[in-house]
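Q: Would you mind keeping the following structure in view while I ask a few things?
The values are calculated or read from the model by the stated rules, or taken from the named source; none is laboratory data. In this text the structure is predicted, and so the values were computed from the model without any measurement. Backbone-built Cβ (ideal geometry, glycine too); neighbour counts: all protein chains shown.
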Amino acid sequence: MTSTATRTALLAFAALLFLNAVAGAKEEAYVLKNKQGLEAHILPVGAVVQKLLLPDRHGNLDDVILGFATEEPYKDGTSPYFGATIGRVANRIKGAMFELDGDIYHVDSNEGDNCLHGGKDGWSRQAWQMEAADTAEGPGARLTYVSKDGEEGFPGTVSASVMYTLRDDNDLVIQFAAVSDKPTPINMAQHTYFNLDGHKSHHSINGHFLFVNASHYTPVDDEMIPTGEVLPVEDTVFSFNPARRIGERIRHVPGAPPGGYDINYVLFGMDGPTAKARTNNCVIFDKPQPAASIWSPKSGRTLDVLTNSPGLQFYSGNFLNGSIVGKDGYPYPQHGGFALETQVFPNSINEPAFPQCILRPAQQYRHTVIWRFSTKPREYMRRRFKRAAMTKRGRKELPS
């Protein structure tokens, strides 16, 4: 039997589709709202998370993600992947080419000689089909997209989906899935930029405390392509294990201007079963595990990130410079937002020692990320981050 809530959601979604049709297919956000008042607004273009309303420690609601009020900037390339679902392959492919099963494939080179986030017309700019998909856990939206054989140079027709579910415990669960009729690389990711003080707070994210559940990272060359090495974070500016303020050493991060963090972390330690599983799998756990935690002392908002993927890209909004004007007419300054993108390692298709994620016919790609939101008092959170410690298995658990 269909519940009253489900019937209401379906009727609302049907009305939304009708309004879209009579308005010339104008895209509107589908709103997920839980019993705690948390709201997530989802757009069909790019399967984008457009808005996320969260209470601070005093109960005040703010939109905590960067983005635009209309769909056009997401379509025309103005958006630097704000809130977007990335595909077919997130992050960078060196030389915009790779070999697969003896064949050489040339894909779109949209960042110099390299391919970034699936190419110029990657999945972040495509029109996805969206439908209401409420579950027993909470309201949901399911988006689907069919990427044709040869799109942006990638082989195989891929049917992809992303499912957003908002739980009443303030978890936003994101489930990626895909199948293909030919072997093809796949690496879907979510590219939301957060500022836990609010997207128009006039605060950078440099005062946020970050913890990353990783003891190693993959260093990059001048073009942001991994060198193939896997190095320890200990005694480097890349160590957020234990937690520290993002801005504490941000000016000392090596690399060309404008400076800041844009680096892939090797999650869950280098020893034991996680290292063995990492060598040949898109995911390394059946269920998502704690990957990172970030907290704003000002607002008290906390984001815990859980995933079953082997890598996490931390980006500190380096190329934001005030020229992009977002929601409410607010220009986003440098380090005005951060992204924590769960993924397979960048350029893994060209690095045999990295985790590989080749999707073949009769297989199904699945990747889950959970954004867990909460608010805590200042002193509680200080104690929480100080208690971070490595376990004997080499995995750092989020402190409780």
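Q: Determine whether G260 is surrounded by 14 or more Cβ atoms within 10 Å (Cβ to Cβ), at pLDDT 85 or above, part of a loop (DSSP other than H, G, I, E, B) and of a type outside the set (D, E, K, R). Please lay out each step first, then the result.
A: On the way: surrounded by 14 or more Cβ atoms within 10 Å (Cβ to Cβ): yes; at pLDDT 85 or above: yes; part of a loop (DSSP other than H, G, I, E, B): yes; of a type outside the set (D, E, K, R): yes.
When the stated conditions are applied, G260 passes them.
Q: Taking the condition of being buried (at least 23 other Cβ atoms within 10 Å of the Cβ) and either in contact with a Gly (Cβ under 8 Å, 6 or more places away or on another chain) or not aliphatic (A, V, I, L, M) (or both), how many residues in the stretch 141-155 meet it?
A: Total satisfying the criteria: 2.
Q: What single numbered condition from (1) touching a residue at least 40 places away in the same chain (Cβ under 8 Å); (2) over 23 Å from D262 (Cβ atoms) fails to hold for G67?
A: G67 satisfies all of (1) touching a residue at least 40 places away in the same chain (Cβ under 8 Å); (2) over 23 Å from D262 (Cβ atoms) except (2).
Q: Among the numbered criteria (1) at pLDDT below 95; (2) surrounded by 20 or more Cβ atoms within 10 Å (Cβ to Cβ), which one does G119 miss?
A: In the conditions (1) at pLDDT below 95; (2) surrounded by 20 or more Cβ atoms within 10 Å (Cβ to Cβ), G119 misses (1) alone.
Q: Still on this model: With G329, G336, G317 as the choices, which residue is surrounded by fewer than 22 Cβ atoms within 10 Å (Cβ to Cβ) and not acidic (D, E)?
A: G329
Q: Residues in the stretch 146-202 that are within 17 Å of S309 (Cα to Cα) and either aromatic (F, W, Y) or at pLDDT below 95 (or both): how many?
A: 1
Q: Among the residues of the stretch 208-257, count how many are under 18 Å from S296 (Cα atoms), modelled with pLDDT under 95 and among the aliphatic types (A, V, I, L, M).
A: Residues that pass the stated criteria total 1.
Q: Ok, one more. I'm trying to understand the selection: among the residues of the stretch 142-159, which are closer than 18 Å to V45 by Cα and charged (D, E, K, R)?
A: Of the residues in the stretch 142-159, the ones closer than 18 Å to V45 by Cα are 142-148, 151-152, 158-159.
Selection gives R142, K148, E151, E152.
Q: Shifting gears a bit: Taking G322 and the conditions (1) of a type in the set (G, A, S); (2) in a strand (DSSP E or B); (3) surrounded by fewer than 18 Cβ atoms within 10 Å (Cβ to Cβ), which numbered condition does it fall short on, given that it satisfies the others?
A: (2)
Q: Counting just the residues of the stretch 229-257 that are in contact with a Leu (Cβ under 8 Å, 6 or more places away or on another chain) and in a loop (DSSP other than H, G, I, E, B), which one comes out surrounded by the most Cβ atoms within 10 Å (Cβ to Cβ)?
A: So, considering only residues that are in contact with a Leu (Cβ under 8 Å, 6 or more places away or on another chain) and in a loop (DSSP other than H, G, I, E, B), the one surrounded by the most Cβ atoms within 10 Å (Cβ to Cβ) is F240.
Q: Are there any pairs, at least 6 apart or on different chains, whose C-beta atoms fall under 6 Å, with the first in the stretch 350-366 and outside any loop (DSSP other than H, G, I, E, B) and the second of a type in the set (D, E, K, R), and if so, which?
A: Every condition considered, the pairs that remain are N350/K94.
Q: What residue, among those in the stretch 367-378 that are outside any loop (DSSP other than H, G, I, E, B) and not aliphatic (A, V, I, L, M), is modelled with the lowest pLDDT?
A: Residue satisfying both the conditions and the ranking: R378.
Q: Going through the stretch 205-228 one residue at a time, which ones are more than 30 Å from S161 (Cα to Cα), out of contact with any helix residue (DSSP H, G or I) (no Cβ under 7 Å at 6 or more places or on another chain) and not in a strand (DSSP E or B)?
A: P219, D221, D222, E223, T227, G228
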